[in-house]
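Student: This is the structure I want to talk about, given as structure tokens.
The values are calculated or read from the model by the stated rules, or taken from the named source; none is laboratory data. Since we're looking at a predicted model, the values are computed, not measured. Backbone-built Cβ (ideal geometry, glycine too); neighbour counts: all protein chains shown.
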Amino acid sequence: MTFFEDHRDRFARAESACRRLTVAPAFLGGIALFALLGITVAEVFWRYVLGDSLLWIEDVSTMSLALVVAAAIAHGAREGSHVCVNLIARVAGRRVTRITDAAARLLGVAATTMAAYALFVHGSCGLPCGAVTGSVSIPHTPFYYALGASLAIYGLLLASQLLLGLAVWNAEDPNEPDE
């Protein structure tokens, strides 16, 4: 048995723990989506009934939408709802797709790690870098951190799926024809 096969249960538990990490961003995203709904209703009322516009509405709605996107990244990764085109699986067998799946997850871990790092670094600059909204000066820092945390969770989920996939690499696939 290989190292990965010996630790299959541990990798499965790690993957399950990474899935549980997406609960908090999903909850936060739901709150942000509800706030965005309320903000939009208030702006429509103010604009069309009272004949005036709320000056801060664009800033607050943009920042709420950033939280919704952060939640969608993490939750979408958990549910497997990101865009995926399985062209290779149509022409090649499971042996080839195991390799391409591992390579894609490895590239995904690298990309999400770099993106999360960049978001944390850029977000930590904060007010000295002028990272605030245009009209009411809402600091971007917590929103950069939310997006960075969401990408970090996505990277952890990809890494755990990669390790779990390596652990079951040699497992028999009932759909794979015998040679």
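Student: Could you tell me whether the range 75-98 includes any residue that is surrounded by 12 or more Cβ atoms within 10 Å (Cβ to Cβ), closer than 28 Å to Ser160 by Cα and of a type in the set (S, T, N, Q)?
Tutor: Yes, some residue in the range 75-98 is surrounded by 12 or more Cβ atoms within 10 Å (Cβ to Cβ), closer than 28 Å to Ser160 by Cα and of a type in the set (S, T, N, Q).
Student: Kindly evaluate Arg105 against the criterion of being among the basic types (Lys, Arg) and surrounded by fewer than 16 Cβ atoms within 10 Å (Cβ to Cβ).
Tutor: Details: among the basic types (Lys, Arg): yes; surrounded by fewer than 16 Cβ atoms within 10 Å (Cβ to Cβ): no.
It is false that Arg105 is among the basic types (Lys, Arg) and surrounded by fewer than 16 Cβ atoms within 10 Å (Cβ to Cβ).
Student: Check off (1) modelled with pLDDT of 90 or more; (2) not in a helix (DSSP H, G or I) for Ser53 and give me the number that stays unchecked.
Tutor: (1)
Student: Sticking with this one: Suppose we filter the range 34-53 for residues that are surrounded by fewer than 16 Cβ atoms within 10 Å (Cβ to Cβ) and touching a residue at least 12 places away in the same chain (Cβ under 8 Å); how many remain?
Tutor: So the first thing to find is which residues in the range 34-53 are surrounded by fewer than 16 Cβ atoms within 10 Å (Cβ to Cβ), and the list is 34, 37-38, 40-42, 44-53.
In the following step, the residues that additionally are touching a residue at least 12 places away in the same chain (Cβ under 8 Å) were identified as 40, 42.
Number of matching residues: 2.
Student: Can you run down the residue pairs with Cβ atoms below 8 Å, 6 or more apart or on separate chains, where the first is in the range 140-161 and under 26 Å from Leu106 (Cβ atoms) and the partner is of a type in the set (D, E, K, R)?
Tutor: Leu157/Glu15; Leu157/Arg19; Leu157/Arg78; Leu158/Arg105; Ala159/Arg105; Ser160/Glu15; Gln161/Glu15; Gln161/Arg105
Student: Scan the range 68-117 residue by residue and report those that are of a type in the set (Val, Ile, Thr), at pLDDT 75 or above and farther than 26 Å from Tyr145 by Cβ.
Tutor: Matches in the range 68-117: Ile88, Val91, Val96, Thr97, Ile99, Thr100.
Student: To continue, here is another question. Output the residues belonging to the range 95-138 that are outside any helix (DSSP H, G or I) and either more than 23 Å from the chain's Cα centre (by Cα) or within 17 Å of Leu157 (Cα to Cα) (or both). Can you show your working first?
Tutor: So the first thing to find is which residues in the range 95-138 are outside any helix (DSSP H, G or I), and the list is 126, 130-138.
Residues satisfying the conditions are Gly130, Val132, Thr133, Gly134, Ser135, Val136, Ser137, Ile138.
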